[in-house]
Amino acid sequence: MKLMQILWQEGISLFNRKPKKGIEFLINAHKVGNSPEDIAAFLKDASGLNKTLIGDYLGEREELSLKVMHAYVDSFDFQGMEFDEAIRMFLQGFRLPGEAQKIDRIMEKFAERYCKCNPKVFSSADTAYVLAYSVILLNTDAHNPMVKNKVCSFNSKNSCSHDYDRCDVLVSFGY
């Protein structure tokens, strides 16, 4: 029993230094299954994992990481949830990575999943994606002290409302 706990803690510690190595260690120690669904459940449920490193791992474009990210997102049931509520719930388990391409991959999959759970809310997953990405950018703009030139909500709404049917929601989020 104590050996299992030591292996688990070693895997968590290794993940928090090098996520891929930590996952590989836990799979080899038979603490985590090797399917994308098993790895996604580990990332979602294990305590003690560094949330920034979870986000970085989920944003990778390597084949296994992509499959894990898809399984991770697909493990959420957003049915009947408001869009902002779904984003908040989704982002509680990890921090979005700093790299735009990683954020893009994660939010594109989030939008696809949200639309699958709520098929009548948006006309397309592209609309949900643009809104999700906009919310992330505007949240960063509003709360990151490193952003010097803030975007005003009026300009944001005007820049997308002629192309996307739900961007008026941004104003209701307080942006």
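Where a number appears in this text, it was derived from the coordinates with a stated rule and is not lab data. Model, not experiment: these values are computed from the prediction. Note that we place each Cβ from the backbone using ideal geometry, even for glycine, and neighbour counts take in every protein chain shown.
Rounded, prolate or oblate for the range 5-104? Axes are the square roots of the Cα gyration tensor eigenvalues, ordered a ≥ b ≥ c, and the cut-off for rounded is a/c under 1.5.
Numbers: a/c = 1.81, a/b = 1.61, b/c = 1.12.
Here the range 5-104 falls in the prolate category.
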*Could you give the semi-axes, largest first, of the ellipsoid that matches the range 82-141, computed as the square roots of 5 times the alpha carbon gyration tensor eigenvalues and rounded to whole Å?*
18, 12, 11
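Find, among the GluC sites (Glu not before Pro) in the range 12-98, those assigned to loop by DSSP (not H, G, I, E, B) with at most 15 other beta-carbon atoms within 10 angstrom.
Of the GluC sites (Glu not before Pro), the ones in loops of the range 12-98 whose Cβ has at most 15 other Cβ atoms within 10 Å are Glu62, Glu82.
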*Starting from the Cα-Cα distance between Leu137 and Ala100, subtract it from 0.36 nm times their residue separation and give me the gain in nm to one decimal.*
12.3 nm
_Quick one: 3J(HN,Hα) in Hz for the range 126-132, Karplus 6.51/-1.76/1.60 with θ = phi - 60°, rounded, Gly and Pro as x._
4, 5, 5, 4, 4, 5, 4
*asked:* Would any residue of the range 104-118 have its amide N under 14 Å from a label point 7 Å out along Cα→Cβ of Lys44? List them or say none.
replied: 110, 113-114, 117
*Which of the pairs Lys2/Lys51; Lys51/Lys116; Lys67/Lys116 have their Cα atoms more than 23 Å apart in this structure?*
Lys2/Lys51; Lys51/Lys116
*Got a sec to turn the phi values of the range 31-40 into Karplus ³J(HN,Hα) couplings, 6.51 cos²θ - 1.76 cosθ + 1.60 with θ = phi - 60°, whole Hz, x for Gly and Pro?*
9, 9, x, 9, 7, x, 5, 5, 5, 4
